[in-house]
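Just so you know, all these numbers are worked out from the coordinates, no wet-lab data involved. The structure presented is a predicted model; accordingly, all values stated were derived computationally and were not measured. Heads up, the Cβs are rebuilt from the backbone with ideal geometry, glycines too, and the neighbour counts pull from every protein chain shown.
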Amino acid sequence: MEMTSGQPDSTPPQTDSTLRRAASVLRDAPVHGWVDISAAALSRVRAVGVRTWPLDARYPDEGVVEGVDVDADTLRVSDVVVRIAVRSAVAEVAGTEPADISLYTEGHRCTGGLVTVIAAYGTDLQEAGDLVASRAAAALTDVLGLPYSADDIGVVIAEIDAPDQATAFTSPS
C-alpha cells in the first residue's frame, strides 16, 4: 500500500529505481575503519568497568531433587548484585533508609554483613535494627543460597533524622 500526499507524483520512474539501487549498494558496502572504531569503543567501555568481587553461591543444597541424588551446584555472584538485593530488602523497613552495605568475606565466601542505616526520629531503634538484620539475612540467603541469620548481620544507626524545625522555639517572656 502506497501513501499519497494528494499531489501528482513528479518523480520519474527511472529515478525511483535509481534510488533503490543506490540504497542497496550503500547497504551492502563495507564501512572502512569500522573494526578500528568498534575496538576503540570496546576498550573505552572496558576501562570504565565497575570493580566487583565474586562471591560463592550454592543451589540447591546437596540431597535429593526430584528423586535424584545431586551435589550442590555452585556459581559466583558479584558483590554488587548482593548489595543491591540487601539494599532493596532493607529499604522496605519503615522508618529507616540504608546508607551503606558492607559484606564480610573469607576469600570468595560471604560470612555476613554490616548495614548502616539512617533512622527517622521517633523510630523504635531496637525493633528497626532487628528487622533490618533479619531482612538483610533473608536477602543474603535468597541470593547466595547459603543459610544466614540475623546474627550474621551487624546494624549501625549512623544518624537520626530530626523532625522538621518548622516551628521555631521561642523563649518565654
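Annotations for the structure displayed:
- Computed E for I157/A41 - FRET, C-beta separation, R0 35 angstrom, nearest 0.05: 0.20
- Each of the peptides 110-118, 90-98 was scored by the mean count of other Cβ atoms within 10 Å over its residues; in descending order, highest first, they stand as 110-118, 90-98.
- Label-point separation, L75 to A22 (7 Å along Cα→Cβ), nm: 5.2
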